[in-house]
Amino acid sequence: MGAGSSSAAVIGLQWGDEGKGKIVDLLSARADVIVRFQGGNNAGHTLVVDGQETILHLIPSGALYPGTTCVIGGGVVVDPGALVKELDELRARGFVREPERLLISQEAHVILPHHKAIDQARERQRGSGKIGTTGRGIGPAHEDKVARIGLRMIDLCDEAYVRRALEVSVSEKNAYLKEVLGEDAIHYEAMIEELLEWGRKLSVHVTDTSRYLHEALESGSKVLFEGAQGVMLDVDHGTYPYVTSSNTGVAAVAAGAGIAPSKLDKVVGISKAYTTRVGSGPFPTELDDEMGERLRSDGGEYGATTGRARRCGWFDAMVVRKAVRLNGVDTIALTKLDVLTGIDPLPICVGYTHMGKPIGSIPASAGAYEEVVPVLEEREGWHDDISGARSISDLPAQALAYIRRLEELTGVDVGIVSVGPGRDQTLLLDDPFGA
Ligand code: IMP
């Protein structure tokens, strides 16, 4: 990062999967500390370095740089088994070797086996009305956190506490699993043994990350906060109930990382040049046709966590404008512009109508949002392959005009353009961390 700012957040401006992993990886080169502050292993951040793909679910995307410290903040819900596996895999490849390279908040809540079982069983019961969760236990773990019956990472190191805390809650959950959901009960003793084993493995990483971050910021370290999911999946501001269980925007940085809100200097919003979503819920510009299939196959639009095919559609300025407003976005990183090559004319959603009348904002009710009709503006497309572009001047005039139109519609300048998955396939128009 440049001299002008010492902290920045990277936030998804759509329904997740905007390419945050790649942009965080890029910006990590200039950061000292990378922090996850919300979500859990429902996220899947794909990085391609020297042609090799790495998918991270819990460990911040800065893990592939040898000098950075990765922090999992207290707002993250941690599946300890999944974290141990991810860490072992990275270590086997030579990354995150020293324990101090990964710090886990004492206050982060633990995703327990019954959280996953309940999440998956409820989805099965909902049938066609399902949310389309990742099945990782995210919702039930947050429920227990708010109900004040959750287990935190600090507790995992204390056998007596784990046994005491889980005895009552597991018998309650087992009754719910068996009698309400018709599922198998969780085996208490086996679960405890496994949790304690994971606790022992992770204990060297568990610390007061809020204090660590405060000191890092005070001493002038560059800190990057890595969002997961996207603003439209935010539990308060997204397409409720088709959302995740956390706040996904910058408002979550302070609470989830344990820093003062005033410590955040810059907000980088990530948006695809088109739109995708996984799971159920409204999606006005969705293309249920050959064009949708084309975007899916050219963009490799399959979930990094669950492998599910992503729903695809045109860029929706209503969505990104809302995300910009909620997050005070300073600059946009526009990803996957190369996927739009050859689509001519190229539509952009510039507004909505509902019941035949123009509407200025996104309906809060998912039912009403389903009824919205996008107002499309057609732009001239481009045909030359842009995946080899390395500077803005390499882009065809139509691609540049497309970017300029998105800037007009969202009110924010595009500072980074990505034209492929590789680190080098990135055009830095304006360094978001410059003075
Ligand atoms: P959950 O977070 O697993 O409870 O899933 C709730 C909704 O958020 C579902 O529609 C998921 O598909 C979606 N979701 C959760 N994490 C991600 C992500 O990292 N990218 C995209 N969608 C996500």
For this session: Calculate, in nm to one decimal, what E159 and Q52 gain on full extension: separation in residues at 0.36 nm each, minus their alpha carbon distance.
Result: 34.5 nm
Exercise. The stretch 199-248 to the stretch 381-435: how many Å between their Cα centroids?
Worked result: 28
Problem set entry | Order of M191, M318, M355, M232 under a 10 Å beta carbon neighbour criterion, fewest first | M355, M191, M318, M232
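Over all directions, what mean area does the Cα convex hull of the stretch 170-215 project, stated in square nanometres? Present the calculation step by step, with values, prior to reporting the outcome.
Values: hull surface 19.7 nm².
Across all orientations, the stretch 170-215 yields a mean hull projection of 4.9 nm².
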Problem set entry | Centroid-to-centroid separation of the stretch 22-39 and the stretch 98-120 [C-alpha atoms, Å] | 19
Exercise. Roughly speaking, what is the centre-to-centre gap between the stretch 40-90 and the stretch 319-353 when only Cα atoms are used, to the nearest Å?
Worked result: 27
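Ranking Y188, Y242 by Cβ neighbours within 10 Å, fewest first, what do you get? Present the calculation step by step, with values, prior to reporting the outcome.
Working: Y188 14, Y242 21.
The fewest-first ordering by Cβ neighbours comes to Y188, Y242.
Which whole-number percent of Cα pairs in the stretch 147-241 have a distance greater than 24 Å?
Details: 2307 of 4465 pairs.
It works out to 52 percent of all Cα pairs.
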For this session: Please give the contour-minus-distance gain from E98 to K201: 0.36 nm per residue of separation, less the Cα-Cα distance, rounded to one decimal in nm.
Result: 35.7 nm
Exercise. At S219 and E189, where each label point lies 7 Å from the Cα along Cα→Cβ, what is the point-to-point distance in nanometres?
Worked result: 4.7
Problem set entry | Between helix 80-92 and the chain: long-axis angle, C-alpha atoms, 0 to 90°, nearest 10 | 70
Exercise. Where in the chain lies the longest segment free of trypsin sites (Lys or Arg not before Pro) that are both loop residues by DSSP (not H, G, I, E, B) and have at most 16 other Cβ atoms within 10 Å?
Worked result: 149-307
For this session: Go ahead and run the numbers for FRET between E290 and E380, Cβ-Cβ distance against an R0 of 25 Å, rounding to 0.05.
Result: 0.75
For this session: Using only the alpha carbon atoms of the stretch 329-418, find the Kirkwood hydrodynamic radius as the inverse mean reciprocal pair distance, in angstroms to one decimal.
Result: 14.7
Problem set entry | 10 Å binning of all Cα-Cα separations within the chain, expressed as whole percents from 0 upward | 4, 22, 31, 25, 13, 4, 0
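Please compute one quarter of the surface area of the Cα convex hull for the stretch 271-428 and express it in square nanometres.
Averaged projected area of the stretch 271-428's Cα convex hull equals 9.5 nm².
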Exercise. Residues with beta-carbon under 9 Å from that of Q14, excluding Q14: net charge, scoring Lys, Arg +1 and Asp, Glu -1?
Worked result: -1
For this session: Kindly express, to the nearest 10 degrees and within the range 0 to 90, the angle between helix 113-126's C-alpha long axis and the longest C-alpha principal axis of the chain.
Result: 50
Problem set entry | Where the Cα pairs of the stretch 111-202 fall when distances are cut into 5 Å bins, in % | 3, 13, 23, 25, 19, 9, 5, 2, 0
Problem set entry | Degrees between helix 397-410 axis and first principal axis of the chain (Cα, 0 to 90, nearest 10) | 60
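Indicate, rounded to the nearest 5 percent, the antiparallel portion of the DSSP beta bridges found entirely in the chain.
On the way: 24 of 59 bridges.
So the antiparallel bridges in the chain amount to around 40 percent.
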For this session: Lys and Arg at +1, Asp and Glu at -1: add these up for the other residues within a Cβ distance under 13 Å of L326 and post the number.
Result: +1
Exercise. Given 0.36 nm per residue, what is the gain on full extension from D424 to A255 after removing their alpha carbon distance, in nm?
Worked result: 57.4 nm
Exercise. By counting other Cβ atoms within 10 Å of each Cβ, how are T68, T275, T248 ranked from fewest to most?
Worked result: T68, T275, T248
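Over 19 Å between Cα atoms: which of K85/K201; K22/K116; K263/K322 fall into that group? Write out the running numbers ahead of the final one.
Values: K85/K201 11 Å; K22/K116 28 Å; K263/K322 23 Å.
In this structure, K22/K116; K263/K322 lie more than 19 Å apart at Cα.
A short reminder: the numbers here are calculations on the coordinates, not readings from a lab. It should be emphasised that the depicted structure is a prediction, and the values quoted were computed from it without experimental measurement. Neighbour counts run over all protein chains shown; Cβ positions are idealised from the backbone, glycine included.
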